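The values are calculated or read from the model by the stated rules, or taken from the named source; none is laboratory data. Please read all numbers here as calculations on a predicted model, not as lab measurements. Don't worry about glycine lacking a Cβ; one is built from the backbone with ideal geometry, like all the others, and counts go over all protein chains shown.
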């Protein structure tokens, strides 16, 4: 009998997968060249989520670009923020207070757990173990609720700031987090009961996407994806930042370098993260949460409370003699409460004024004055009061307000130089490369995204496997396309 | 179980980066232009002609062992420096834990440099991104295409003379008008109800 190949005409098939595909974790497009069920070649196409974060970052000050980093890896936004802040602090040359370091470590490890839970949920769902998805989301929801307690946001948090964190944590939060860490190890056991000895899971993960240690390093893999191959490269140990040099933890590494080992690494990493959080809560020192560097950091808002607090009885008034009629305040006023013609003194409609002090900080001629206890008075009375000397408390607060305004609008001048700082985010190594030319904006901002590098490894991992294993390989490298495309 | 937990020591970096810079200077005396230092990070500025032998030396030397390419990117110094572009390599040794940064100067009139994919396979996508964003060509690259921007895009977005707000999509980019045209054509095949 003739061989089958001769009877039927066989040829390679070209299959398009994505960009809108539920298993590609975003908008990743893969073109698969397949011979029967076997993959011959995989060509990934990325860039569908490209928003030009690097170009945008170069157009704003370091302080303003912080929220952009949330939008890269939206699954673990907290880690991205921390990575950005650590890099900018190194560039500024400022030291973060001890308490802020510990709080950041807690937040970073919470983000690692949340990320690995989402990874496990979707990875298992892709392979076919649907139950795990719901279990993982139960705990992830808990962490997101804890995020909400510290900063009010759940996904795009922007909680860490350059120089520390935005606000101190409450006792209530720490107690709730402690309860979580008590409970969480038993929850990990629950997931493992579902899949660890599951024969289908083992068949789908063991021996899939094997990559040796040398090759994995050569491909630039980082994080748990690399450690699954047995390389103990962990930036938390190599170049400790925040409080990682003060806590005791171990680094899980695999031996085979297949999908199963990478899965085990992440499961053990979650336990280590849980441990780190517990140690941090135990060791949490007292003290400030923002660095004492007024030039570079946002200072607490209560210093300018005397003039911006809504219950204060202050009023703003334009001195007729000093006003040149330049129109700066008129354009800046958010309530449109200022009126007047060009080159003639302006005036404020007191009933429309919000008391936000925007006009006060924009005026270059010091024509605007703050009248304490002047709310609800007539213009004549205000003009009379405006001539009186202003109390010292108000003068100090207003000086402070002007400084704050300049800080946010222009940003501090940064020493000239270039810097590359890497941090260990849940997905791998997140690096920021800044070139500063001495101005307030980065001359060059570069984001080294782990997902980008890992997505580049896909052709290597998938080659020779079956079509169904492409899904397992996309899952195991843990990519988020928002970060990949930036 | 195959996966084990290991205790990784918190020991400092292997060789002082200044010594590494000296080693490069000794080995390639005519290639090194300058050595810059900022916040304990050393960058070696080199010419682009023999960049691959330099990188190959850093990768293969048993005492240096830079096996991990952390990052490869470029920077555009328009009207700031004599040589317009710089390709930046951030290297790390996972064995000895030392780091170094290599900056290769690439002039504007000849934006070409050797590809280091044979040294580090992971450089593949980084170099494609560099080409996409700065228009620097990497000779010998196995898959030299744009990566993030559409393949028929004109201009290189991260160059300093490229505006922050790009062109209007519906006027200037033919790819977008094509999609609109095709969606109109295919509209008659849409499902009803």
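With (1) in a helix (DSSP H, G or I); (2) modelled with pLDDT of 80 or more as the list, and residue A:404 as the residue in question, which single condition is left unmet?
Condition (2) is where residue A:404 drops out.
I'd like the residue in the stretch B:58-88 that is surrounded by 21 or more Cβ atoms within 10 Å (Cβ to Cβ), within 22 Å of residue B:159 (Cβ to Cβ) and within 10 Å of another protein chain (Cβ to nearest Cβ) and, out of all such residues, is farthest from the chain's Cα centre (by Cα).
Checking each candidate, the answer is B:76.
Whether any residue in the stretch A:26-35 is within 13 Å of another protein chain (Cβ to nearest Cβ), in contact (Cβ under 8 Å) with a residue 24 or more places away in the chain and either under 14 Å from the mean Cα position of the chain (by Cα) or crowded, with 20+ Cβ neighbours inside 10 Å (or both) is what I want to check.
yes
What residue, among those in the stretch A:47-86 that are surrounded by fewer than 24 Cβ atoms within 10 Å (Cβ to Cβ), touching a strand residue (DSSP E or B) at 6+ places or on another chain (Cβ under 8 Å) and within 12 Å of another protein chain (Cβ to nearest Cβ), is farthest from residue A:107 (Cα to Cα)?
Filtering the stretch A:47-86 for residues that are surrounded by fewer than 24 Cβ atoms within 10 Å (Cβ to Cβ), touching a strand residue (DSSP E or B) at 6+ places or on another chain (Cβ under 8 Å) and within 12 Å of another protein chain (Cβ to nearest Cβ), the one farthest from residue A:107 (Cα to Cα) comes out as A:48.
When you look at residue A:483, is it part of a strand (DSSP E or B) and surrounded by 24 or more Cβ atoms within 10 Å (Cβ to Cβ), yes or no?
no
With respect to residue A:457, determine if the residue is within 10 Å of chain B (Cβ to nearest Cβ), touching a residue at least 60 places away in the same chain (Cβ under 8 Å), in contact with a helix residue (DSSP H, G or I) (Cβ under 6 Å, 6 or more places away or on another chain) and buried (at least 23 other Cβ atoms within 10 Å of the Cβ).
In short, no.
On the basis of being surrounded by 18 or more Cβ atoms within 10 Å (Cβ to Cβ) and in a loop (DSSP other than H, G, I, E, B), does residue A:414 make the cut?
In short, yes.
Give the residue that is farthest from residue A:216 (Cα to Cα), with candidates limited to residues of the stretch B:92-110 that are more than 10 Å from chain A (Cβ to nearest Cβ) and in contact with a helix residue (DSSP H, G or I) (Cβ under 8 Å, 6 or more places away or on another chain).
B:104
So residue A:336 passes all but one of these: (1) modelled with pLDDT of 80 or more; (2) surrounded by fewer than 14 Cβ atoms within 10 Å (Cβ to Cβ); (3) in contact with a helix residue (DSSP H, G or I) (Cβ under 8 Å, 6 or more places away or on another chain). Which condition number does it fail?
(3)
Which condition from (1) within 13 Å of another protein chain (Cβ to nearest Cβ); (2) closer than 27 Å to residue A:45 by Cβ; (3) surrounded by fewer than 19 Cβ atoms within 10 Å (Cβ to Cβ) is the one that residue B:144 breaks?
That leaves (1) as the condition not met.
If you go through the stretch A:220-237 one residue at a time, how many are at the interface with chain B (Cβ under 7 Å from one of its Cβ atoms) and surrounded by fewer than 24 Cβ atoms within 10 Å (Cβ to Cβ)?
The qualifying residues number 3.
Here is a check on your reading of the model: is residue A:96 in contact with a strand residue (DSSP E or B) (Cβ under 6 Å, 6 or more places away or on another chain) and buried (at least 18 other Cβ atoms within 10 Å of the Cβ)?
Here the answer is yes, as residue A:96 does meet what is asked.
So residue B:113 fits all but one of (1) facing chain A (nearest Cβ under 9 Å); (2) in contact with a helix residue (DSSP H, G or I) (Cβ under 7 Å, 6 or more places away or on another chain); what number is the exception?
Failed condition: (1).
Any idea which residue in the stretch B:120-154 is farthest from residue B:28 (Cα to Cα), counting only those that are in a loop (DSSP other than H, G, I, E, B) and touching a strand residue (DSSP E or B) at 6+ places or on another chain (Cβ under 8 Å)?
The selected residue is B:144.
If you check A:372, A:450, which single one turns out to be surrounded by 16 or more Cβ atoms within 10 Å (Cβ to Cβ), more than 10 Å from chain B (Cβ to nearest Cβ) and out of contact with any strand residue (DSSP E or B) (no Cβ under 8 Å at 6 or more places or on another chain)?
Result of the check over A:372, A:450: A:372.
I need a count of the residues in the stretch B:41-56 that are touching a helix residue (DSSP H, G or I) at 6+ places or on another chain (Cβ under 8 Å) and surrounded by fewer than 17 Cβ atoms within 10 Å (Cβ to Cβ).
0
Would you call residue A:435 part of a strand (DSSP E or B), surrounded by 14 or more Cβ atoms within 10 Å (Cβ to Cβ), free of Cβ contacts under 8 Å to residues at least 60 places away in the same chain and more than 14 Å from chain B (Cβ to nearest Cβ)? Steps first, answer last, please.
Values: part of a strand (DSSP E or B): yes; surrounded by 14 or more Cβ atoms within 10 Å (Cβ to Cβ): yes; free of Cβ contacts under 8 Å to residues at least 60 places away in the same chain: yes; more than 14 Å from chain B (Cβ to nearest Cβ): no.
Judged against the criteria, residue A:435 is not a match.
Quick one: which of A:208, A:281, A:235 is closer than 30 Å to residue A:98 by Cα and touching a helix residue (DSSP H, G or I) at 6+ places or on another chain (Cβ under 8 Å)?
Exactly one of A:208, A:281, A:235 is closer than 30 Å to residue A:98 by Cα and touching a helix residue (DSSP H, G or I) at 6+ places or on another chain (Cβ under 8 Å), namely A:281.
Would you point out which residue out of A:102, A:137 is more than 21 Å from residue A:417 (Cβ to Cβ), without any contact (Cβ under 8 Å) to a residue 24 or more places away in the chain and in a helix (DSSP H, G or I)?
A:137
Let me spell it out: the conditions are (1) in the same structural domain as residue A:421 (by TED's automatic domain parsing); (2) surrounded by fewer than 23 Cβ atoms within 10 Å (Cβ to Cβ); (3) more than 23 Å from residue A:283 (Cβ to Cβ), and residue A:43 meets all of them except one. Which number is the exception?
Tallying (1) in the same structural domain as residue A:421 (by TED's automatic domain parsing); (2) surrounded by fewer than 23 Cβ atoms within 10 Å (Cβ to Cβ); (3) more than 23 Å from residue A:283 (Cβ to Cβ), residue A:43 fails exactly one: (1).
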